[in-house]
Amino acid sequence: MTALSDLTVSVEPGIIGLVGANGAGKSTLIKILLGLLPPTTGDVRVFDLDPTADADAVRARVGYMPEHDCLPPDLSAAEFVTHLGRMSGLPKTAARERASEALRHVGLYEERYRQVGGYSTGMKQRVKLAQALVHDPDLLLLDEPTNGLDPAGRDAMLALIQRIGTEFGISVVVCSHLLGEVERICDHLVAIDGGKLLRSDHIAAMTTTTDVLVVEVSEGTDELAARLVSLDLPVRRDGRELHVLLEDDETYDRILRAVADLDLPLHRLDQRRHRVAELFSDRETAHV
Amino acid sequence: MSEVTANAPSGVIHDIGYQRYVGPRLGRRYVFGSLYGQGLRTAFGLGRGFKAKIFPWLTVGVVCIVAVVLMAIRTQTGEVVLSYAQFPQTLGVLMVLFCAIVGPELVSRDLHSGVLPLYFSRPLRPSDYALAKLAALVSAVTMLFAAGQIIMFLGAAFTLDGFGLIWDDFEKMLAGIAYSAIHALVFGAVALLIASLMKRRAVAAGAIVGAFLITAPVVGVLATLPSQTANDLAGLVSPVTLVGGIGDWLFEPAGSEELGIGSFGPLYGLVAVLLVAGCVALLLMRYRKVSQS
């Protein structure tokens, strides 16, 4: 069985989104990064270390938050996170202090002495994140961190991840099957499908090049389209909307002038940042 | 301005930001030791709720009461009802039960709650995990029975006259504890291997007791065969009688064996070593597989 093939990607520190449908190979990739699975062929480097050969060195610097339930219900969060801190090699006292800190950072401070079994899904996700943070890793691997959360919980979790990636100075790999979620917080996006790389690039590179202006006029859409084409502005028609590629600030003026010249009632003119989803839309529709 | 500080709202958490950890990161040996220590505490329900303490401490109570009674009989009448070596063998059922409850508590619980990926994403190898848990179980069982044997010795020490006799008794006690440890190793290895295959603690406990029970009738049948060799070898089939045979070979004074192993003592020893080695090997394989799934 091959879960991943021909996947070549290298990323800079920061928040990295790893996107793919269920079964695309995200979890397999994480297991390879952790050195739990050896790649059958090819070469993996985490902090310039080979996770298969230097598993201990890599794992000491990596925090992993699995997708599935992984909390014993009859322990308190403080006890559990402390224990896992010691499993990462922290001395007893340090483990206890770091566990309290990690739980405070994820927003579980008052509740940390209660048994995990009585926690809500959102709180459990936070404990899972805290245990990944307890040993102060340089890299966090988060597998579907927003799984099972309500919209408010998702926003809180994403904000927390963003904070970890920016303020804490820890690189984060966020796996998700929801593109809309990760694109909000990540610097770099890696999209895989069926074990193959779809695209890997900076989020800025993916979005800025595709910014478009949406022009809508109450009447005379065809006239305006013709005029814009004659002005060397490529136009794509989408119902009543005209999509014009935004090249520079002058594009605005040229469109406004064209509308004014034709004396058309302008309904709206706004910039639309193409969502990353549209970059993959061809593929997604092909799946349906 | 102490009044100002006194008036400051209490219970406010001041966000001092994220602090990087600069302290020491200890190696595999420390991690192994921590997991072993935690396993030992878990075995006796320490650091857990009241319910987790009931069974282990009930067992401790029974072992201690039996030891106290034996001690009392010996101090009052001078009669040795059970020798140190006979002690773990006579309480073998209790030991099987203890392994059947504590073994799943140590490993099935982790399987059930899915906590293993958190261990194996840390610098703890799957083999370290398995061996630390096994060491915890074997130590817990040994400690349990050693406690009873020490009680028996303390009672004897006060009644025996002369240092020589006390020293003799002390040596017998050490041999008895060694025999308890052999019991613990064989029973623990079998129990932990079975428990590592099952997620549910109750099912695992049943399976462990079953594995020990199901072999007993086989021993019984073999022991009644008209062949002396078959009778002598019957004990090899069940872990309980296997360890009993080792006791007859190494720890019981000649003539007082209760099983009848003939001259096959070394074979009993070899089979026990192979059984433990096989169980440990399978346990390590099991966790190598678990870590990849």
query: So is B:Gly33 within 14 Å of chain A (Cβ to nearest Cβ) and in a helix (DSSP H, G or I) or not?
result: yes
task: Could you check A:Leu142 against (1) crowded, with 22+ Cβ neighbours inside 10 Å; (2) at the interface with chain B (Cβ under 9 Å from one of its Cβ atoms); (3) touching a residue at least 40 places away in the same chain (Cβ under 8 Å); (4) farther than 22 Å from B:Tyr129 by Cβ and say which number it fails?
output: (2)
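Take the residues in segment B:69-95 that are among the hydroxyl-bearing types (Ser, Thr, Tyr) and part of a loop (DSSP other than H, G, I, E, B), then tell me which one is surrounded by the fewest Cβ atoms within 10 Å (Cβ to Cβ).
In the first step, residues of segment B:69-95 are kept if they are among the hydroxyl-bearing types (Ser, Thr, Tyr); the result is B:75, B:77, B:83-84, B:90.
Next, only the ones that are part of a loop (DSSP other than H, G, I, E, B) stay: B:83-84.
On the way: B:Ser83: 21, B:Tyr84: 27.
Step by step, filter segment B:69-95, then rank; the result is B:Ser83.
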message: Pull out all pairs, ordered by first then second residue, where Cβ-Cβ is under 6 Å, the residues are six or more apart or on different chains, the first lies in segment A:64-85 and is under 29 Å from A:Pro51 (Cβ atoms) and facing chain B (nearest Cβ under 7 Å), and the second is surrounded by fewer than 21 Cβ atoms within 10 Å (Cβ to Cβ) and among the small types (Gly, Ala, Ser).
response: A:His68/B:Gly114; A:Asp69/B:Gly114; A:Cys70/B:Gly114; A:Pro72/B:Ser113
field: Inter-residue pairs, beta-carbon under 8 Å, first at the interface with chain A (Cβ under 8 Å from one of its Cβ atoms) and open to solvent by 20 Å² or more (accessible area, probe 1.4 Å) and in segment B:102-117, second outside any loop (DSSP other than H, G, I, E, B) and charged (D, E, K, R), 6+ apart
entry: B:Arg109/B:Arg201
message: Going by what's in this entry, would B:Val209 be described as modelled with pLDDT of 90 or more and either closer than 30 Å to B:Phe55 by Cα or open to solvent by 10 Å² or more (accessible area, probe 1.4 Å) (or both)?
response: yes
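Checking the conditions here, which among B:Val218, B:Val273, B:Val243 is among the β-branched types (Val, Ile, Thr), part of a helix (DSSP H, G or I) and open to solvent by less than 20 Å² (accessible area, probe 1.4 Å)? Lay out the reasoning, then the answer.
Numbers: B:Val218 fails: open to solvent by less than 20 Å² (accessible area, probe 1.4 Å); B:Val273 fails: open to solvent by less than 20 Å² (accessible area, probe 1.4 Å).
Only one candidate passes the filter, namely B:Val243.
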statement: The correct count of residues that are in contact with a Lys or Arg (Cβ under 7 Å, 6 or more places away or on another chain) and surrounded by 16 or more Cβ atoms within 10 Å (Cβ to Cβ) in segment B:43-68 is 1
Elements of type helices (runs of 4 or more DSSP H) contained in segment A:1-88, each with 2 or more residues being modelled with pLDDT under 80: none
statement: Listed by first then second residue, the pairs whose first member lies in segment A:96-123 and is closer than 19 Å to B:Ser113 by Cβ, whose partner is part of a helix (DSSP H, G or I) and open to solvent by 50 Å² or more (accessible area, probe 1.4 Å), with beta carbons under 6 Å and at least 6 positions apart or on separate chains, are A:Leu108/A:Arg126
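The values are calculated or read from the model by the stated rules, or taken from the named source; none is laboratory data. Just so we're clear, the structure is a prediction, and the values are computed from it rather than from any experiment. When we count neighbours, we look across all protein chains shown, and the Cβ atoms used for this are built from the backbone with ideal geometry, even at glycine. Surface accessibility is based on the protein's heavy atoms, side chains included, excluding ligands, DNA and RNA. Shrake-Rupley method; radii C 1.70, N 1.55, O 1.52, S 1.80 Å.
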